[in-house]
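Accompanying notes for the structure given below.
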Amino acid sequence: MNLNNKIIFLTGAGKGIGRNLYESFLKSGSYVYALTRSKSDLKKISSFEKKNSSIFYGDVRNFDLIKKIFDLSIKKKKLINGVINNAGIRQRRRFEEITKKEVSDVFNINFFSIFKIMQLYVKYCKKLKIKSSIVNIGSIVGETGFKELSGYGATKGALKSMTQCFSEEFAEQGIRANIVNPGFTKTSYFKKFKKKKKLYNWTITKIPAGRWGDTKEISELVKFLISDDSNYITGENINIDGGWIKK
């Protein structure tokens, strides 16, 4: 899987799956434009690699910043041919208690920001005649549902539908789009979650693989979907969950 020719725009690069993606793509020879909204995470990833990346501090809802990054790629003559929309927030609320503002907040980050980024990116690709691959990071919550995650799950369900419609519309132009839905994965909250023994053990009984996934496993799938080896794959909704949904 050759990724030396890939120039990636990655959101949510500061921690968890995003951090692993950032480091993994760099190790694979790709150039990465990375975005994080955490100053502490910014320092951490800045210390990892500077030669083959450009790191930005900001919010995915700051579309002026997104345009700035796209414009910079043109000036640097490092045109983006892979986009990974990883940034998102989790919202746990009882259904009858969720306010309209709370639903709007989670949709603005988890769905509408991605929608707008993809709109901007399509214009960029058309202007520069770029063939590209987009990978959106969803969740099995958008597939199967979990209590107290109605708002969050709704954003991921909407993201799935949008990704599939997008892929249909732009396939002939060489712009692919797929969505990856991680199950329980060892991100930054894993150690804290594992202390809730009863809940943690319950998740293990629900996963046929008998364990949580590793961020590296998610990254390897995303890297394949970005690579030219997957050029005939678009519009796919891929669960990577140790068999949770199939059980």
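The values are calculated or read from the model by the stated rules, or taken from the named source; none is laboratory data. Here the structure is a predicted model, which is why all the values come from computation and not from measurement. For neighbour counting, all protein chains shown are included, and Cβ atoms are generated from backbone atoms with ideal geometry for every residue, glycine included.
If residue 1 satisfies every condition in (1) aliphatic (A, V, I, L, M); (2) out of contact with any Lys or Arg (no Cβ under 8 Å at 6 or more places or on another chain); (3) over 22 Å from residue 108 (Cα atoms) but one, which is the exception?
Failed condition: (2).
Counting residues that are among the aliphatic types (A, V, I, L, M), in contact with a helix residue (DSSP H, G or I) (Cβ under 9 Å, 6 or more places away or on another chain) and over 23 Å from residue 107 (Cα atoms), which helices (runs of 4 or more DSSP H) fully inside the range 150-217 reach at least 1? Can you show your working first?
Numbers: elements: 150-170, 190-194, 197-206.
Hits in the range 150-217: 197-206.
Assess whether residue 79 counts as being more than 17 Å from the chain's Cα centre (by Cα) and either assigned to a helix (DSSP H, G or I) or of a type in the set (Val, Ile, Thr) (or both).
On the way: more than 17 Å from the chain's Cα centre (by Cα): yes; either assigned to a helix (DSSP H, G or I) or of a type in the set (Val, Ile, Thr) (or both): no.
Considered against the rule, which asks whether it is more than 17 Å from the chain's Cα centre (by Cα) and either assigned to a helix (DSSP H, G or I) or of a type in the set (Val, Ile, Thr) (or both), residue 79 comes out as no.
Just need a number here: residues in the range 158-177 that are surrounded by fewer than 22 Cβ atoms within 10 Å (Cβ to Cβ) and either closer than 15 Å to residue 90 by Cβ or hydroxyl-bearing (Ser, Thr, Tyr) (or both).
Going through the range 158-177 one residue at a time, the tally reaches 2.
Any residue that is at pLDDT 80 or above, in a helix (DSSP H, G or I) and buried (at least 16 other Cβ atoms within 10 Å of the Cβ) - is there at least one of those in the range 59-68?
So far as the range 59-68 goes, yes, one or more of its residues are at pLDDT 80 or above, in a helix (DSSP H, G or I) and buried (at least 16 other Cβ atoms within 10 Å of the Cβ).
Hey, can you tell me all the residues within the range 88-99 that are under 28 Å from residue 35 (Cβ atoms) and charged (D, E, K, R)?
90, 92, 93
Can you tell me which condition residue 10 does not meet? The list is (1) outside any helix (DSSP H, G or I); (2) over 16 Å from the mean Cα position of the chain (by Cα), and all the others hold.
Exception for residue 10: condition (2).
Identify, by number, the condition in (1) crowded, with 19+ Cβ neighbours inside 10 Å; (2) in a strand (DSSP E or B) that residue 26 doesn't meet.
(2)
Are there any pairs with C-beta distances below 8 angstrom linking a residue in the range 4-32 that is in contact (Cβ under 8 Å) with a residue 24 or more places away in the chain and more than 21 Å from residue 214 (Cα to Cα) to a residue that is acidic (Asp, Glu) and surrounded by fewer than 24 Cβ atoms within 10 Å (Cβ to Cβ), with the two at least 6 apart or on different chains, and if so which?
Listed pairs, sorted by first residue: 5/228.
Of all residues being at pLDDT below 95, in contact with an Asp or Glu (Cβ under 9 Å, 6 or more places away or on another chain) and not in a helix (DSSP H, G or I) in the range 82-98, which is surrounded by the most Cβ atoms within 10 Å (Cβ to Cβ)? Just the residue, please.
91
Listed here are the residues, each with its yes/no results for (1) surrounded by 13 or more Cβ atoms within 10 Å (Cβ to Cβ); (2) in contact with a Phe, Trp or Tyr (Cβ under 6 Å, 6 or more places away or on another chain); (3) not hydroxyl-bearing (Ser, Thr, Tyr).
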{"position": "148", "(1), (2), (3)": "yes, no, yes"}
{"position": "151", "(1), (2), (3)": "yes, no, yes"}
{"position": "179", "(1), (2), (3)": "yes, no, yes"}
{"position": "189", "(1), (2), (3)": "no, no, no"}
{"position": "194", "(1), (2), (3)": "yes, yes, yes"}
{"position": "204", "(1), (2), (3)": "yes, no, yes"}
{"position": "210", "(1), (2), (3)": "no, no, yes"}
{"position": "218", "(1), (2), (3)": "yes, no, yes"}
{"position": "227", "(1), (2), (3)": "yes, no, no"}
